[in-house]
1. Cβ-Cβ below 6 Å, separation at least six or inter-chain, first residue in the stretch 35-59 and on the phi < 0 side of the Ramachandran plot, second modelled with pLDDT of 95 or more and open to solvent by less than 90 Å² (accessible area, probe 1.4 Å): which pairs?
2. Are any residues in the stretch 26-45 open to solvent by less than 100 Å² (accessible area, probe 1.4 Å) and not in a strand (DSSP E or B), and if so, which ones?
Amino acid sequence: MIKENEFFYEENICLYEYEDKDDGEMYYDFNMMYQSALHPEEIDVLISVLEELQAKENN
């Protein structure tokens, strides 16, 4: 039985966020996400397919 516990109600965090020192805005570090991906070659395939679809849509 799970009882009320603060551990389960903590806020989610993203390890790939950083705060811009100039404007104080939070941004995602997509380069770091890509580098830590288990299969970056699959990401490359997805990006190429999306680029092709976008090129067809724009023509």
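1. Hits for this filter: zero, empty list.
2. Those that are open to solvent by less than 100 Å² (accessible area, probe 1.4 Å) and not in a strand (DSSP E or B): Asp29, Asn31, Met32, Met33, Tyr34, Ser36, Ala37, His39, Pro40, Ile43, Asp44, Val45.
The values are calculated or read from the model by the stated rules, or taken from the named source; none is laboratory data. Predicted model only: the values in this text are computed from it and were never measured. Virtual Cβ from ideal backbone geometry, glycine too; neighbours counted across all protein chains shown. These accessible areas exclude ligands, DNA and RNA; they are computed on the full protein's heavy atoms, side chains included. Shrake-Rupley method; radii C 1.70, N 1.55, O 1.52, S 1.80 Å.
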